[in-house]
Amino acid sequence: MTQKLDADNLIAGAQDTAGLERFDSDSFREGLEVFLADFNNANAPETAVERVRGNVEQVLVNRLKTTDYLAQRPELLARPIERPVFVFGIPRTGTTLLSNLLAADPARRSPLTWEIDDPVPPATSATLYTDQRAVDRLEFEKQMLAARPEMGKYYRNSAIYPNECVFFMAHDFKTLMWESRGKLPNYRDWLMATDMTSAYEYHKRFLQLLQADAPGTWNLKMPSHALWIPTLLKVYPDARLVWTHRDPLTATGSFCSLISLAHQAFADTVDTAWIGQNCSWQAALHAERIMDARDDLGEDRIIDVHYGELTREPIETMRNLYQSLGDEFTTEAESGMRAWLADNAQDKFGKHEYKLAQYSLSKEQVAPLFDRYLERYDVEREG
């Protein structure tokens, strides 16, 4: 019989591993318990259970370390996060590309994969790309990509590339990252209805840690910021908001494909029909909640970037974005972006192929979910 995961045991294990006892708060507890209850009911194979155990303990260890470090340097919590840029949208609409281009500007600051995974002690501005933890991760990913080169088709990432806020908001157990661990409808529904204030407050604490000795204007990226814009603005009232647009039918198919890869790692079988229903519903909800927020905030409060323009004319699109952000598009920024683009051709690792039919979906089924969105925005269709 597959062993069930228990919150108290996982917390104790994390405390033993970290050699630390105190969390900054117990705001993570409810989400952890809702997630574990749903995951335990999914009857995942033993290998998946052990993988989730390791995931949970690691984020709890990182929260313990973050708490301890900030307690030693409490002045960091008084340092503001000024005018951060948040990139979001329906999943799979170019948020990763846009985030990487922003990060290529040496005047900007993005949370890098390696420092999200291993944040204590935080890097300095001089060591962000040379810290031994980054070097070790680069070597590991080189070996992984050599073993499975097809993975580069699905998600463009690196130890020294920016990564999603989802991976540190996971410390509060309020992100769709946990929902992607299987067929978890109860956790999903809880997440969509819960108060996200503590997750965004922790998000800010984590950035205050990372900027301790490597400050800058933050670029943050997570498609599902789309779901909680009012809460985001409560914690970051001067945030600058950027919405990426792409044909939602294409994006939905790509989203299904990405989530199916996650499910393959955490289940004996992949329920493609569930993935199709769940991802199409979630994709539409992203668009609906952004439009609702925009109706309340005003049209100009959110900046639009279109995927087709970004891929065809990336530099000109970024120049226009900088103008909308009120930032200078420097020669250093342009040079950094051109260098990144030269090293990251769109199909460098092969083309990511997917079809709605693989997930028991058709265009006729999915299109009505986006009627309001497509009537409001002139989004380039992709077939």
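Would you compute the Debye intensity of the stretch 109-241 from its alpha-carbon atoms alone, equal scatterers and no solvent, and pass along log10 I(q)/I(0) at q = 0.09, 0.10, 0.13, 0.14 Å⁻¹ to two decimals? Rounded to two decimals, the profile gives -0.30, -0.37, -0.62, -0.72. Set the Cα radius of gyration of the chain against 2.2 N^0.38 Å, with N its number of residues, and you get 0.96. Computed over the stretch 1-107, the alpha-carbon pair-distance distribution with 10 angstrom bins reads 12, 28, 28, 27, 5, 0, each value a whole percent.
Extension gain, GLN3-GLU82: 0.36 nm per intervening residue step, less the Cα-Cα distance, totals 23.9 nm.
Once the Cβ-Cβ distance of GLU33 and ALA265 is raised to the sixth power relative to R0 = 25 Å, the FRET efficiency obtained is 0.65. Here the peptides 11-17, 292-298 are ranked by packing, the mean other Cβ count within 10 Å, and the order with the highest first is 11-17, 292-298. For the pair ASN320 and MET144, a Förster radius of 45 Å applied to the C-beta separation gives a FRET efficiency near 0.80, rounded to the nearest 0.05. Among the lysines of the chain, pairs at least eight places apart or on separate chains and with Cα atoms under 23 Å apart come to 22. Taking the centroid of alpha carbons for each part, the stretch 210-232 and the stretch 22-40 are 22 Å apart. For q values of 0.12, 0.14 Å⁻¹, compute log₁₀ I(q)/I(0) with the Debye formula on a Cα-only model of the stretch 218-354, without solvent. With no solvent term, the Cα-only Debye profile gives -0.64, -0.85. Label positions at GLU332 and SER125, each projected 7 Å from the Cα along the C-beta direction, are separated by 0.9 nm. Ignoring solvent entirely, what values of log10 I(q)/I(0) come out of the Debye formula for the stretch 253-299 at 0.19 Å⁻¹ when each Cα is a single scatterer? The Debye formula, applied to the Cα set alone, gives -0.63.
Global dimensions of the stretch 186-298 from alpha-carbon coordinates: Rg and Dmax equal 16.3, 47 Å.
A Förster radius of 56 Å combined with the Cβ-Cβ distance from ASP378 to THR47 puts the calculated FRET efficiency at roughly 0.75.
Out of the DSSP beta bridges found with both residues in the chain, what percent are antiparallel (nearest 5)? About 5 percent, rounded to the nearest 5. The length gained on full extension between LEU341 and SER362, counted as 0.36 nm times the residue separation minus their Cα-Cα distance, comes to 4.2 nm. Convex hull volume of the C-alpha atoms in the stretch 54-147, normalised per residue: 158 Å³.
Every number in this text was worked out from the coordinates using simple rules, so none of it is lab data. Here the structure is a predicted model, which means the values were calculated and not measured. Quick reminder, even Gly has a Cβ in these numbers, built from the backbone with ideal geometry, and neighbours come from all protein chains shown.
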